[in-house]
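Working notes, beginning with the structure itself.
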Amino acid sequence: MPTLPVLILNSGSSSIKFSLYEAGAGERRKLYEGAVDGIGTDQGKFWIKDADGKKLVDQSPALPSRSVAFKLVADVLNSGDFLRPRAIGHRMVCAAPTLQNNLRVTPELIEEMERYKDLAPLHTPIGAYIMREALELFPGVPNFACSDSYFHRTMPQVATHMPIPSEYADMGVRRVGFHGISYESIVCQLQPDVPERLIVAHLGNGASISAIRNGRCIDTSMGLTPTGGIISGTRTGDVDPGLLLFILRKIAEAASSSKEAADQLEAVVNKRAGLLGVSGLSNDMRVLRAAVVAGNEKARLAVDKFTWMIVKSIGSYFAELGGLDMLVFTGGIGENDTATREEICAGLGALGIVLDPARNHARGMAVISAEDSPVTVRVIPPAEDLIIVNHVVRMLSEESGSLADLEQAESHVGELEAVAVTGCEIR
Ligand code: AMP
């Protein structure tokens, strides 16, 4: 049966992760996954393992730049030792008004991302770079960008419009939200029993919360940029705008240009704030929890601020949804940190959330609320790669012209359409 190998690329500040799925009619099978880690160091790591976890590549190369790291990956994947991708999917984190959809990657799309890179400086420039490299290093393979804001397109205007003068709003500046691929994957995993009133807390190094009614987003905590919303590992989350002016004026006293001052402010709010800024220790929840146990008061304050902000957001979403049927935790902290889940739920008793402590501590337990809890509380790992594969397959099947570029294209079309129909996207 013909299948389509789809490569998913996900690049962070010092790593590039990838996985290859075989997409057939209604089926997705992961064939391999891998990563290059330690970009910018002499002793990086490059590994690939198959679906059973067997290491197929295990190297410790020098990785002086992202370009060297990605070339290493592309050379191995193109070498003939691995099934070569015939389509590539990317997570696109970008607030550009014209890029709030899932789209074919073109040089023009990459240029548009670069024009808006300042709205997500930790994500957009790296994403744009990897797309450009992927077009070059995998010639003839179509690339697709999945917007991390697409899931939030159903938010009402009252949630997206920002309280600013119209000259700025007219530039397309509005709240778009992020982590949308993760949220979509949670809704998909809950099908066919998606609760009417759902709140999902995606708590990772970046953290956000969404209110979802009947599978559609009605509000989310991140706004125009991933810096907004609840406090994250190194980002402020929402703060008093007067604070930004105060810090900017302080920085400007010593800066040699307005650009330098803006760059420094950008670093303060994106890289030096959040859990790291409050604790003065780390952005890593595991480190903070260990420090709390050892009696570190700043670590305690950082963790408490995180929990406090999340409880407040969930309370406001409860009001927006007119009640709550289910709360889902996801992301590295949401999936693994039992103490954070416990502290958040302890603050939400008034909403009908009753945690079962034993279930909360049992590994791999999906439902962690008590039997008689009015609100069900669940832990669900995100499945972002699968959502990207689904969108890639759908876009390819819609773009019949581009299918002609692929080898054996005709034999794929019927299969791809069947897959697109069985995809679990909530439209
Ligand atoms: P993510 O960005 O989704 O990969 O999540 C990263 C965050 O998850 C970091 O703050 C980690 O400290 C946290 N995390 C990962 N594993 C655990 C764990 N076992 N216990 C507590 N926090 C964890």
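Quick note: the coordinates plus some simple rules give every number you see, no bench work behind them. Because the structure is predicted, anything quoted here is derived from the model rather than measured. As a convention, Cβ positions derive from the backbone with ideal geometry for all residues, glycine included, and neighbour counts pool all protein chains shown.
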>> Using +1 at the C-beta of Lys and Arg and -1 at the C-beta of Asp and Glu, which of Asn360, His202, Leu119 has the Cα lying farthest in the positive direction of the dipole of the chain?
In response: Asn360
>> For the stretch 9-90, give me the percentage of DSSP beta bridges that are antiparallel, rounded to the nearest 5 percent.
In response: 95 percent
>> Under the 0.36 nm per residue contour assumption, what length would be gained going from the current alpha-carbon distance of Ser65 and Asp52 to full extension?
In response: 1.6 nm
> At a Förster distance of 60 Å, what's the computed FRET efficiency of Arg359 paired with Ala254, Cβ-Cβ distance as r, to 0.05?
Replying inline: 0.70
> Under unit Cβ charges (Lys, Arg +1; Asp, Glu -1), what dipole magnitude, rounded to 20 debye, does the chain have relative to its Cα centre?
Replying inline: 900 debye
> Where nothing but the Cβ of Lys and Arg (+1) and of Asp and Glu (-1) is charged, how large is the charge dipole of the stretch 304-395 around its Cα centre, in debye to the nearest 20?
Replying inline: 140 debye
> Could you name the aspartates and glutamates in cross-link range of Lys71, using Cα to Cα under 13 Å and dropping any fewer than eight places away on the same chain?
Replying inline: Glu133, Glu136
> Relative to the Cα centre, what is the charge dipole magnitude of the stretch 190-251, using +1 at the beta carbon of each Lys and Arg, -1 at the beta carbon of each Asp and Glu, and rounding to the nearest 20 debye?
Replying inline: 240 debye
> How far apart, in nm, are the 7 Å Cα→Cβ label points at Arg216 and Leu281?
Replying inline: 4.5 nm
> Once label points are set 7 Å from the Cα along Cα→Cβ at both Lys17 and Gln157, what is their separation, rounded to one decimal in nm?
Replying inline: 3.9 nm
> By DSSP, what percent of the beta bridges with both residues in the chain are antiparallel, rounded to the nearest 5?
Replying inline: 70 percent
>> Using each residue's phi in the stretch 196-202, evaluate 6.51 cos²θ - 1.76 cosθ + 1.60 at θ = phi - 60° and report the 3J(HN,Hα) Karplus result to the nearest Hz, with x for Gly and Pro.
In response: 5, 10, 10, 10, 10, 9, 8
> Tell me, what HN-Hα J-couplings in whole Hz come from the Karplus equation 6.51 cos²θ - 1.76 cosθ + 1.60 at θ = phi - 60° for each residue of the stretch 154-168, using x for Gly and Pro?
Replying inline: 8, 5, x, 4, 4, 8, 8, 6, 9, x, 10, x, 4, 4, 7
> Where in the chain are the DSSP H helices whose alpha-carbon span along the long axis reaches 18 Å or more and whose Kyte-Doolittle mean is at least -0.5?
Replying inline: 124-137, 241-254, 297-321, 384-398, 409-422
> Which whole-angstrom value gives the distance between the alpha carbon centres of the stretch 279-334 and the stretch 163-188?
Replying inline: 23 Å
